[in-house]
Amino acid sequence: MDATVAGRSYPTTSFQVDAAHVERFATAVGQTVPGVPPTFLTAIEFDVLGPIVRDPELALDFSRVVHGDEEYVWHRPLVVGETLEVRSRIAAIRERGGNGFLTIEVSVSGAAGEPVATALATMIERSAG
């Protein structure tokens, strides 16, 4: 993994909080109370991870990647039916013990540009040895 791409931002995308998608996700995680599960933010993250992990300049070997950490900062709950703006960037790349640590920040905003949530996901690229 190439640490020189730390700080790189990727194109902003839109994400629709679709009722059927939320219902399937809530069922999968066992949520029985009404509303969008807080962990639904993961679905938004998955929507933007592809371009990052496939970035040839990052040179991430995804076959050696394991999930390291996940952190959410909430400003307000998600609302079914709303369209969100999603920005992603490589927040940090570091190496420890021959393993690479990639932290991706995903910032989610509402229609008026107000902050909704921020997700930080850390992936670990295990050493080749």
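Can you find, within the range 114-129, the residue that is nearest to PHE40 (Cα to Cα) among those that are part of a loop (DSSP other than H, G, I, E, B) and not small (Gly, Ala, Ser)? Steps first, please.
Pass one, the range 114-129, residues part of a loop (DSSP other than H, G, I, E, B): 114, 126-129.
Subset that is not small (Gly, Ala, Ser): 114, 126.
Numbers: GLU114: 19, ARG126: 27 Å.
Among those that are part of a loop (DSSP other than H, G, I, E, B) and not small (Gly, Ala, Ser), it is GLU114.
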Legend entry - Residue, nearest to GLY7 (Cα to Cα), within the range 56-113, restricted to residues that are among the charged types (D, E, K, R) and in a loop (DSSP other than H, G, I, E, B): GLU57
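Conditions (1) surrounded by fewer than 18 Cβ atoms within 10 Å (Cβ to Cβ); (2) among the aliphatic types (A, V, I, L, M); (3) on the phi < 0 side of the Ramachandran plot, marked per residue:
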{"position": "LEU60", "(1), (2), (3)": "no, yes, yes"}
{"position": "VAL73", "(1), (2), (3)": "yes, yes, yes"}
{"position": "ILE93", "(1), (2), (3)": "no, yes, yes"}
{"position": "PRO115", "(1), (2), (3)": "yes, no, yes"}
{"position": "LEU120", "(1), (2), (3)": "yes, yes, yes"}
{"position": "GLU125", "(1), (2), (3)": "no, no, yes"}
Legend entry - Selection count where residues are over 15 Å from THR13 (Cβ atoms) and either outside any helix (DSSP H, G or I) or touching a strand residue (DSSP E or B) at 6+ places or on another chain (Cβ under 9 Å) (or both), scope the range 33-52: 8
Inset, instruction - State all residues of the range 60-102 that are closer than 22 Å to THR118 by Cβ and charged (D, E, K, R); if no residue qualifies, say none. - result: ASP69, GLU70, GLU71, ARG76, GLU82, GLU85, ARG87, ARG89, ARG94
Legend entry - Residue match in the range 76-91 (condition: closer than 20 Å to GLY50 by Cβ, in contact with an Asp or Glu (Cβ under 6 Å, 6 or more places away or on another chain) and modelled with pLDDT of 95 or more): yes
Inset, instruction - Only residues in the range 3-23 that are buried (at least 16 other Cβ atoms within 10 Å of the Cβ) count as the first member; pair them with residues that are among the basic types (Lys, Arg) and modelled with pLDDT of 95 or more, Cβ under 8 angstrom, at least 6 apart or cross-chain, and list the lot. - result: TYR10/ARG87; TYR10/ARG89
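The values are calculated or read from the model by the stated rules, or taken from the named source; none is laboratory data. Only a predicted model underlies this, so the values are computations on that prediction, with no experimental measurement involved. Glycine also receives a Cβ, built like all others from the backbone with ideal geometry; neighbour counts cover every protein chain displayed.
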